[in-house]
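The structure follows.
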Amino acid sequence: MTYSRLLAGPWSAVLLVVGLSLCGFSCRQESEPPPKDETAAEILKLRHGIAELTKLGKDLAAEYALGRNSAPYLVVDTGARNVQLKARGRQLRSFAIVETRKPAKGAPYNAVWKLMGKKPLQETERPKIKPGEGEEAAVAAAKQELWAPHRMPTDFDLLCDGGNVLEIRSLPAGQSGSRITRGVRTAYRRTLDWFRRWRGRDPQIHYLLQVWLAEGDAQLLFWSLPKEIQILVR
Amino acid sequence: MRFGATKLRISAPQIWWAAGGAVLIAAFLLVLIVVTRRDGMGPEESTSALPATLDLPTLRKQAASLEARIQKLTERQNRLFPSGPAILVDSGANRISLVQGPRVIVEGKCSTGSGLELTDTAGNRTWTFETPRGFFRVLSKVANPVWYRPDWAFIEEGEPIPKGHAGRAVANVLGDYAIGFGDGYFIHGTLYTRLLGSSVTHGCIRVDDDILDKLYRAAQPGIPIWIY
């Protein structure tokens, strides 16, 4: 008996088992009664609908818990790609999210963070008046160096309780400057952010969510935030 | 035993081992096929954690119940915002509005904090003239208000600061009414109406006479103010 003949038996058995099982499954599939297309489609549709409604219910319940208090709150919805400043369910401001960066693992859903402090990444120098200048001079100074959202930082970190950080970064708005200028500024902002990340991350940070907004939106968000606010992250 | 030109000696246990291995591989493949089919990556998996066995009537019932719950939650959420009067101040655009539920009663220009910083000559005290953000309530309302000038008003003008209340009262600078919302902040009238729409105040919110009148009538103590 040759070696090849010796092993032909068991290996034929292997092939036979695999072939039979495949055939069996395909035959079983064919022998099953054909699914009622309409019923199957409706079941599928209902299951999708139930999933969406369940999610919506959770979202509403989470927001309701915050809206019961009069203090304004922030909703960062990475799925719907917007950031909303709200009070008692009423939207005060809304900003479109351009881009989001978050760790794949442990992504929070309907988590509530409490703002502990704002950390601007650019210095904002306030206009100053000297004693004795008088109100007229103060008004002139205020009008000359108008204190407005455009003077706020474009990039900042919202430091929250539990080591959670919401990083707000900005890109030039679509209508600001020429395409080339915008491209250069975008590249600069991204490089700057890459460099910041490359320098290392604070080990005390538990969860870091980075949200990119249009430049003006980021400044207006910084301008609008009270010292204390609750942030709903989803 | 021959393998090509080479003679090989294979004992009986070796044959059993080879056959056993083949059978094991066949069994493994069989199990793999069964498991893959059972856990198929169907679209249902991503829809919900519902048991796959739920039938159509049960699913319909569940969807209806969820829809009812959503409607209830939405109605509850819509009722969160007070149905009575409330004041909203957009400090970025320097706009103020009096709303009643979803209705805007009056809306117009205002002036909010200039953001200026003043430090006294000794360098001991610093004031930042900014309108606070957040939630407040109307705490007081006064007709024909008199402004009691705080220390910074004297420092700003380069005048000596009086010791007591005497010499601080100034009439006819805050307009006809003042609505207080805490920490010395008021919504009041102004002589500088041309500056409305700019951030030029010491932190108070200035409005024109018409809006002030409407706010004063609606603003009962306790009504909410949101500044953002």
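The values are calculated or read from the model by the stated rules, or taken from the named source; none is laboratory data. Predicted model, so just to flag it, every value in this text is computed and none were measured. Please note: Cβ atoms are built from the backbone with ideal geometry, for glycine as well, and neighbour counts cover all protein chains shown.
Among the residues of the stretch A:60-77, count how many are within 9 Å of chain B (Cβ to nearest Cβ) and assigned to a helix (DSSP H, G or I). Don't jump to the end; show me each part of the working.
Pass one, the stretch A:60-77, residues within 9 Å of chain B (Cβ to nearest Cβ): A:60-61, A:63-64, A:67-72.
Of the ones still in play, those that are also assigned to a helix (DSSP H, G or I) are A:60-61, A:63-64, A:67.
Result for the stretch A:60-77: 5.
Can you name every residue in the stretch B:138-180 that is outside any loop (DSSP other than H, G, I, E, B) and more than 14 Å from every other protein chain (Cβ to nearest Cβ)? Walk me through how you get there before you give the answer.
If we filter the stretch B:138-180 for residues that are outside any loop (DSSP other than H, G, I, E, B), which is where we start, we get B:140-143, B:146-148, B:151-157, B:169-171, B:177-180.
Scanning the stretch B:138-180 gives B:SER140, B:LYS141, B:VAL142, B:ALA143, B:VAL146, B:TYR148, B:ALA169, B:ALA171, B:TYR177, B:ALA178, B:ILE179, B:GLY180.
How many of the residues in the stretch A:101-118 are closer than 12 Å to A:TYR207 by Cα and not basic (Lys, Arg)? Spell out the reasoning first.
First pass over the stretch A:101-118, keeping only residues closer than 12 Å to A:TYR207 by Cα: A:101-108, A:111, A:113.
Those still in the list that are not basic (Lys, Arg) too: A:103-104, A:106-108, A:111, A:113.
Counting residues in the stretch A:101-118 that are closer than 12 Å to A:TYR207 by Cα and not basic (Lys, Arg) gives 7.
Would you tally the residues in the stretch A:78-104 being more than 14 Å from every other protein chain (Cβ to nearest Cβ) and either over 24 Å from A:GLY163 (Cβ atoms) or at pLDDT below 95 (or both)? Don't jump to the end; show me each part of the working.
Within the stretch A:78-104, the subset more than 14 Å from every other protein chain (Cβ to nearest Cβ) is A:78-82, A:96-104.
Of the ones still in play, those that are also either over 24 Å from A:GLY163 (Cβ atoms) or at pLDDT below 95 (or both) are A:78-82, A:96, A:98-104.
Looking only at that region, the number is 13.
So A:ILE168 fits all but one of (1) farther than 20 Å from A:SER224 by Cα; (2) in contact with a helix residue (DSSP H, G or I) (Cβ under 6 Å, 6 or more places away or on another chain); what number is the exception?
A:ILE168 satisfies all of (1) farther than 20 Å from A:SER224 by Cα; (2) in contact with a helix residue (DSSP H, G or I) (Cβ under 6 Å, 6 or more places away or on another chain) except (1).
Per-residue answers, yes or no, for (1) over 24 Å from A:GLU167 (Cβ atoms); (2) surrounded by 14 or more Cβ atoms within 10 Å (Cβ to Cβ); (3) more than 9 Å from every other protein chain (Cβ to nearest Cβ):
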residue: A:GLY106; (1), (2), (3): no, no, yes
residue: A:TYR109; (1), (2), (3): no, no, yes
residue: A:TRP113; (1), (2), (3): no, yes, yes
residue: A:PRO120; (1), (2), (3): no, yes, yes
residue: A:PRO131; (1), (2), (3): yes, yes, no
residue: A:GLU136; (1), (2), (3): yes, no, yes
residue: A:ALA140; (1), (2), (3): yes, yes, yes
residue: A:HIS150; (1), (2), (3): no, no, yes
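Moving on to the next point. Being at the interface with chain A (Cβ under 8 Å from one of its Cβ atoms), buried (at least 18 other Cβ atoms within 10 Å of the Cβ) and of a type in the set (S, T, N, Q) is the filter here, so list the residues in the stretch B:77-94 that pass it.
Result: B:GLN77, B:SER91.
Right, here's the next one. Checking A:ILE180 against (1) in a helix (DSSP H, G or I); (2) away from chain B (no Cβ under 14 Å); (3) over 17 Å from the mean Cα position of the chain (by Cα); (4) in contact (Cβ under 8 Å) with a residue 24 or more places away in the chain: exactly one of these is not met. Which one?
Of everything listed in (1) in a helix (DSSP H, G or I); (2) away from chain B (no Cβ under 14 Å); (3) over 17 Å from the mean Cα position of the chain (by Cα); (4) in contact (Cβ under 8 Å) with a residue 24 or more places away in the chain, A:ILE180 misses just condition (4).
Going through A:LEU208, A:LEU166 one at a time, which residue ends up being within 20 Å of A:ILE97 (Cα to Cα) and surrounded by fewer than 19 Cβ atoms within 10 Å (Cβ to Cβ)?
Sole residue among the options that is within 20 Å of A:ILE97 (Cα to Cα) and surrounded by fewer than 19 Cβ atoms within 10 Å (Cβ to Cβ): A:LEU208.
Working only within the stretch B:101-137, note down all residues that are touching a residue at least 24 places away in the same chain (Cβ under 8 Å), in a strand (DSSP E or B) and over 20 Å from B:ASP208 (Cα atoms). Write out each step before concluding.
Narrowing the stretch B:101-137 to residues touching a residue at least 24 places away in the same chain (Cβ under 8 Å): B:105-106, B:108-115, B:118, B:120-121, B:125, B:127, B:129-137.
Remaining after also requiring in a strand (DSSP E or B): B:105-106, B:108-113, B:118, B:127, B:134-137.
Within the stretch B:101-137, B:LEU118, B:TRP127, B:GLY134, B:PHE135, B:PHE136, B:ARG137 qualify.
Another question about this same structure. B:TYR228 - would you say it is under 33 Å from the mean Cα position of the chain (by Cα) and within 11 Å of chain A (Cβ to nearest Cβ)? Reasoning before the result, please.
Details: under 33 Å from the mean Cα position of the chain (by Cα): yes; within 11 Å of chain A (Cβ to nearest Cβ): yes.
For B:TYR228, the condition - under 33 Å from the mean Cα position of the chain (by Cα) and within 11 Å of chain A (Cβ to nearest Cβ) - is met.
Could you figure out which of (1) surrounded by fewer than 17 Cβ atoms within 10 Å (Cβ to Cβ); (2) in a strand (DSSP E or B); (3) among the basic types (Lys, Arg) isn't true of A:LYS55?
Of everything listed in (1) surrounded by fewer than 17 Cβ atoms within 10 Å (Cβ to Cβ); (2) in a strand (DSSP E or B); (3) among the basic types (Lys, Arg), A:LYS55 misses just condition (2).
What's the total number of residues in the stretch A:119-140 that are more than 39 Å from the chain's Cα centre (by Cα) and either in contact (Cβ under 8 Å) with a residue 40 or more places away in the chain or part of a helix (DSSP H, G or I) (or both)?
Residues of the stretch A:119-140 more than 39 Å from the chain's Cα centre (by Cα): A:129-140.
Restricting the remaining residues to those that are either in contact (Cβ under 8 Å) with a residue 40 or more places away in the chain or part of a helix (DSSP H, G or I) (or both) gives A:134-140.
Looking only at that region, the number is 7.
Identify the residue in the stretch B:111-137 that is over 33 Å from the mean Cα position of the chain (by Cα) and at the interface with chain A (Cβ under 7 Å from one of its Cβ atoms) and, among all such residues, is nearest to A:MET152 (Cα to Cα).
The residue in question is B:ASP120.
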